[in-house]
1. Towards the positive end of the charge dipole of the chain, with charges on Cβ (+1 Lys, Arg; -1 Asp, Glu), say which of 184, 139, 61 has the farthest Cα.
2. Karplus couplings for the stretch 155-170 from phi (6.51 cos²θ - 1.76 cosθ + 1.60, θ = phi - 60°), rounded to Hz, Gly and Pro as x?
3. How big is the dipole moment of the chain about its Cα centre under a simple scheme where the beta carbon of each Lys and Arg is +1, that of each Asp and Glu is -1, and everything else is neutral? Debye, nearest 20, please.
4. Once the mean 1/r over all distinct Cα pairs of the chain is inverted, what Kirkwood radius in angstroms do you read off?
5. Report the net charge of residues surrounding residue 195, where surrounding means a beta-carbon distance below 14 angstrom and charges are Lys +1, Arg +1, Asp -1, Glu -1.
6. Highest GNM mean-square fluctuation, the chain, Cα pairs closer than 10 Å: which of 255, 198, 55?
7. Could you list which residues have their amide H under 5 Å from that of residue 383, counting only those 5 or more apart in sequence or on another chain, with H placed in the peptide plane?
8. Between 358, 102, 60, which gets the highest mean-square fluctuation from a Gaussian network model of the chain, Cα cutoff 10 Å?
Amino acid sequence: SALFAAVEMAPRDPILGLNEAYNADTRSNKVNLGVGVFFDDDGKIPLLRAVQAAEKARLAAMPARGYQPIEGLAAYNQAVQKLLFGADSQLLAAGRVLTVEALGGTGALKVGADYLKRLLPGSKVYISDPSWENHRALFEAAGFPVETYPYYDAATRGVNFAALKAGLGELPAGAIIVLHACCHNPTGADLGVAQWRELVDICAARRLVPFLDMAYQGFADGVEADAVAPRLFADSGLSFFVSSSFSKSFSLYGERVGALSIVTAGKEEAARVLSQVKRVIRTNYSNPPTHGGAVVAAVLNDPALRQQWDEELAGMRERIRAMRSSLLAKLQERGVQQDFSFITQQRGMFSYTGLTAAQVERLKDEFGIYAVSTGRICLAALNTRNIDYVADAIATVVK
Ligand code: PLP
């Protein structure tokens, strides 16, 4: 039949395409700096000890696999709320927040986007320039026009806050703005606390609808410190959305553990909004899978496992920091004149290095080192064995 005869090949995902090219490369010293995954110093994806302990206990208990509620596991959703807003949050005490388990951070964004399309069908979505590439695709797929607000400043390798404020100051009431809560992907450039305060004021004054994407809580300064954005928004009295991902912070990528939290004006409103979000979930995948959320809940709700997770998370965070300072030092040792000190100021897994597309191409062709053509590298792919080779290569292509 001719059903699929006219179907065109979809464009390749640029980062997955990079992985394919890396996998096909036969050089033994090749390095993949393109991926967004945390590797340990042996280049492996860790299985955290806290996760192993929770999984062993779960396996021993051999729980039946009935359906979960549409919104997922209550113990998990409550634990997520405490991570975002703090254990003694007034917002939580007042019942203003509803949280649903979701399939990773992506699933949370998707459920949030679909619900927003029903709530505000005529709105536009604004994402940072640049942003995680899936933000645009996701909100467009939900039916929104997607535009950008100014964010990154290539000259300072930081945030152009004046331009950001001016850009948001022009948006119409009801515009949805997607904000990276911490560890901005792809640039690594975050707002400071005072800047977040100003931003919250602008959102309140312009009646914007903030959607915070929290994909790296704990990867910048720690779980509590990294929650500054949701907590400042919480204090403002505004209603807003937060997507959480535990892919990185629990190293549970494939288990698809995330959550969508929505802050409303009060308890009764929260119940109404939850009932609508459940309809979105019911018609997407009905209810979330059991394992990942149960494991994360077991860790977060057990004091000993929670402490172990905090320590392991600190270990991941510190390893990335160590790679940042080591890369900077090694570039300086190699006589690189260009100022790379921004590498140690940027936060999270990524750095916008300022390497040009041509320099990235040379890294690949001459050294088997793969980075995104925008110059984004993942610091968590560096380790004590490949960092000298990478520093040599970068020093060569920037000279
Ligand atoms: N949001 C941002 C900014 C991300 O970088 C990522 C993952 O790379 C996600 C969301 C999605 O996370 P998940 O893998 O849990 O769907």
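1. 61
2. Once θ is set to phi - 60°, the couplings for the stretch 155-170 become 5, 9, 6, x, 8, 8, 5, 4, 5, 4, 4, 4, x, 5, x, 9 Hz.
3. Dipole size: approximately 620 debye.
4. Numbers: mean 1/r = 0.0452 Å⁻¹.
Answer for the chain: a Kirkwood hydrodynamic radius of 22.1 Å.
5. On the way: positive: 165, 197, 347; negative: 153, 190, 198, 201.
Local charge sum for residue 195: -1.
6. Result for the chain, Cα springs under 10 Å: 198 fluctuates most.
7. Sorted by chain and number, the residues that satisfy this come to none at all.
8. Fluctuation is largest for 60.
Read the figures in this text as sums done on the coordinates, not as results from a lab. As the structure is a prediction and not an experimental result, all values here were calculated from the model. Here the Cβ is made from the backbone with ideal geometry for all residues, glycine too, and neighbour counts use every protein chain on show.
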